[in-house]
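Comments concern the structure below.
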Amino acid sequence: MVADTSESGGMETVEQIRQAGGRARFARLDVTQAESSRSVVQATIAEFGDLHILFNGAGILAYGTVLETTEEAWARMLAVNLTGTFLVSKAALEHMVAKRRGSIVNVASTTGSHDACAHAAAYVSSKGGVTLLTRSMAIDYAKLGIRVNVICPGPTDTPMLRKALTPDELEAFARTFPMNRLGRPEEIAAAALFLASDDASFVTGAVLHVDGGQTAEV
Ligand SMILES: NC(=O)c1ccc[n+]([C@@H]2O[C@H](COP(=O)([O-])OP(=O)(O)OC[C@H]3O[C@@H](n4cnc5c(N)ncnc54)[C@H](O)[C@@H]3O)[C@@H](O)[C@H]2O)c1
């Protein structure tokens, strides 16, 4: 089940899965809404018979120091990035706990999990919260057969970053990291697949940096 506020983006992913021979459906989801989260979990179970894996990838990015961040912008950032992870996990966990099986993969960021960065007070705070929420869920649900891990991507070439920075800024930014380049979405996906799969059967509470060495040198 591909779930997002954006139907066009979600349908693009659904088509890619179908063309690769998989089965997929789109559901509209606003992660800030408990009811929306619950109904997508129900729809997934109705369509596919079960729910083994939850990948919490929804997120927003905005820059600003505390003085530059309005209360509304702060609340929105926490609502999508942190409360969204909480609400969708809660809806999925109700089912996973009953089945004594599940794997949740959250997405934080190198900024906010390993370190802060300038001019991103709300984003960094929300992602720090996602990392500790992950570890907290990992402890609480380990005995119930559910693993919870978090990926901290470094700067990755996605629409989020392309909206935030110009191509020149992106190139200059990429050159500041050990690998001299941005990550590719499929490199984050490969880490998510590992954490979601039984290959990671003894991995829970892990904070996996997929960042081309970015956090190795700070
Ligand atoms: N791109 C990077 O450099 C980078 C680095 C570190 C972490 N991340 C994190 O990776 C995740 C994916 O980001 P991305 O780079 O692919 O960005 P993106 O903007 O391309 O994708 C984010 C997706 O979240 C969806 N979304 C936003 N608000 C939502 C809501 N309320 N309910 C449901 N869906 C919602 C958007 O429609 C979009 O499809 C985010 O959590 C982001 O913070 C990205």
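The values are calculated or read from the model by the stated rules, or taken from the named source; none is laboratory data. Fair warning: this is a prediction, and the values are worked out from it, not measured in the lab. Here Cβ is always computed from backbone atoms with ideal geometry, including for glycine, and neighbour counts include all displayed protein chains. Side chains are part of the model used for accessible areas, which takes the heavy atoms of the whole protein and leaves out ligands, DNA and RNA. Shrake-Rupley method; radii C 1.70, N 1.55, O 1.52, S 1.80 Å.
What to note about this one:
- 24 Å Cα-Cα reach of Lys90 towards lysines, excluding residues that sit fewer than 8 places from it in its own chain: Lys99, Lys127, Lys143
- Principal-axis tilt of helix 7-19 within the chain, Cα atoms, nearest 10 degrees: 70 degrees
- Working note: 222 nm ellipticity from helices only, DSSP H runs with n ≥ 4, each -39,500 (n - 2.57), summed and divided by the residues of the chain, gives -14500 deg cm²/dmol to the nearest 500.
- Total charge dipole magnitude, segment 51-217, about the Cα centre, Cβ charges on Lys, Arg, Asp, Glu only, Debye to nearest 20: 660 debye
- When segment 51-217 is described by a simple charge dipole with +1 on each Lys and Arg Cβ and -1 on each Asp and Glu Cβ, the residue from Ala200, Ala98, Leu133 located farthest towards its positive end is Ala98.
- Additional length obtainable on full extension of the chain from Phe202 to Ala172, 0.36 nm per residue less Cα span: 6.9 nm
- Largest accessible area first, the residues Lys99, Lys143 order themselves as Lys143, Lys99 under a 1.4 Å probe with ligands, DNA and RNA left out.
- Considering only Ile45, Gly212, Ala191, and ranking their Cα positions along the charge dipole of the chain that arises from unit charges at the beta-carbon of Lys, Arg, Asp and Glu, the one farthest toward the positive end is Ile45.
- Between helix 34-48 and the chain: long-axis angle, C-alpha atoms, 0 to 90°, nearest 10: 60 degrees
- Among Leu61, Pro178, Ile151 - extreme Cα towards positive end, dipole of the chain, charges at beta-carbon: Ile151
- For Phe55, distant residues with modelled amide H under 5 Å away: Val105
- Helix 185-196 axis, angle to the chain major axis (alpha carbon atoms, nearest 10°): 40 degrees
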